[in-house]
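Here the structure comes first, spelled out in structure tokens, and everything after it is commentary.
The values are calculated or read from the model by the stated rules, or taken from the named source; none is laboratory data. Because the structure is a prediction, the values reported are computed rather than measured. Virtual Cβ from ideal backbone geometry, glycine too; neighbours counted across all protein chains shown. When the accessible area is computed, the model is the full protein with side chains, heavy atoms only, and any ligands, DNA or RNA have been set aside. Shrake-Rupley method; radii C 1.70, N 1.55, O 1.52, S 1.80 Å.
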Amino acid sequence: MLLLLSGIGPEDRYTWVLEVAPILVAVPILVATRRRFPLTPLAYRLIFLHACILMLGGHYTYAAVPLGFWVRDALGLSRNHYDRLGHFAQGFVPAILAREILIRKTPLKSGPWLFFLVTCVCLAISVFYEFLEWWTALASGEAAMAFLGTQGDVWDTQWDMFLCLLGALTAQITLSRVHDRQLAALTA
């Protein structure tokens, strides 16, 4: 329902499709695997939260989300930083998903190697997404400008990956214990 609402009168239809594409890929996978490989409630809630961030960014374009303008004005920032929230979430949410898959499907247990590998997975996702943005810009030219959303920041790509890193680290540091408890309950 939220996906349909976000698609009603978006700022830029092409950008909306590009921004919500991960939802269109993830939802069928989650539905298809819900019985064979159900996720923890934490993972499902984080996926939903990330989907909401994507839908809002897709509807307005990340550079024009009203919440980002409010934060910009309240904190005296030079640009709309809603895209930064999206890239933080791009590390935060996949960290829990990668952690869950690695704990359940490999011999890894909680500890430094798991922490390191989850962080690497999140950074790899971020780099791949930056490549997708670049390839989309090369293929579609001016039409991809809203999707790129650099807002004149020459360091936008580096900021995006750095915020993904912070998201991955924050998720693991703050949610690992809760996640471990939910994993134990899920496999019990």
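Students sometimes get this wrong: rank 55, 161 by accessible area, probe 1.4 Å, all chains present, largest first.
My answer, sorted largest first, is 161, 55.
Once both axes come from the Cα atoms, what is the angle between helix 41-60 and the longest principal axis of the chain, in degrees from 0 to 90, rounded to 10?
Long axis of 41-60 versus the principal axis of the chain: about 10 degrees.
Using the Cα gyration tensor of region 11-75, with a ≥ b ≥ c the square roots of its eigenvalues, what is the shape: rounded (a/c below 1.5), prolate (a/b larger than b/c) or oblate (neither)?
Taking the square roots of the gyration eigenvalues as a ≥ b ≥ c, region 11-75 is oblate.
Round to the nearest 10 and give me the degree value, 0 to 90, for the angle of helix 13-33's Cα axis relative to the longest principal axis of the chain.
10
If you count, for each residue, the other Cβ atoms within 10 Å and average over each peptide, how do 103-112, 56-65, 162-171 line up from highest to lowest?
56-65, 162-171, 103-112
For region 21-78, which trypsin sites (Lys or Arg not before Pro) are both in a DSSP coil and crowded by at most 15 other Cβ atoms within 10 Å?
34, 35, 36
How would you classify region 47-142 from its alpha-carbon gyration tensor, with a ≥ b ≥ c the square roots of the eigenvalues: rounded for a/c under 1.5, else prolate if a/b is greater than b/c, otherwise oblate?
Prolate shape, in that a/c is at least 1.5 and a/b is the bigger ratio.
At 7 Å along Cα-to-Cβ for each site, give me the label-to-label distance between residue 30 and residue 129 in nm.
Placing both labels 7 Å along Cα→Cβ, they lie 1.5 nm apart.
With an 8 Å Cα cut-off and a minimum separation of 6 or more residues, compute the relative contact order for the chain in percent.
27
Please list 3J(HN,Hα) in residue order for region 3-8, calculated via the Karplus relation 6.51 cos²θ - 1.76 cosθ + 1.60 where θ = phi - 60°; whole Hz, with x for glycine and proline.
Result, rounded to whole Hz: 4, 4, 4, 5, x, 7.
Can you tell me the order of 73-80, 175-182 when each peptide is scored by its average per-residue count of other Cβ atoms within 10 angstrom, highest first?
175-182, 73-80
Between the helical axis of 112-140 and the dominant principal axis of the chain, each derived from Cα atoms, what acute angle in degrees is found, rounded to the nearest 10?
30
Express the carbon and sulfur contribution to the solvent-accessible surface of the chain as a percent, rounded to the nearest whole number, probe 1.4 angstrom.
The C+S portion of the solvent-accessible surface of the chain is 73 percent.
Per residue, how many Å² of accessible area does region 40-101 show with a 1.4 Å probe?
Counting only protein heavy atoms, the per-residue value for region 40-101 is 42 Å².
Summing Lys, Arg as +1 and Asp, Glu as -1, what charge do residues with Cβ under 15 Å from the Cβ of residue 3 carry, residue 3 excluded?
Spelling it out: positives minus negatives among the neighbours equals 0.
Quick one: net charge of residue 47's neighbours, Cβ under 14 Å, K/R +1, D/E -1?
+2
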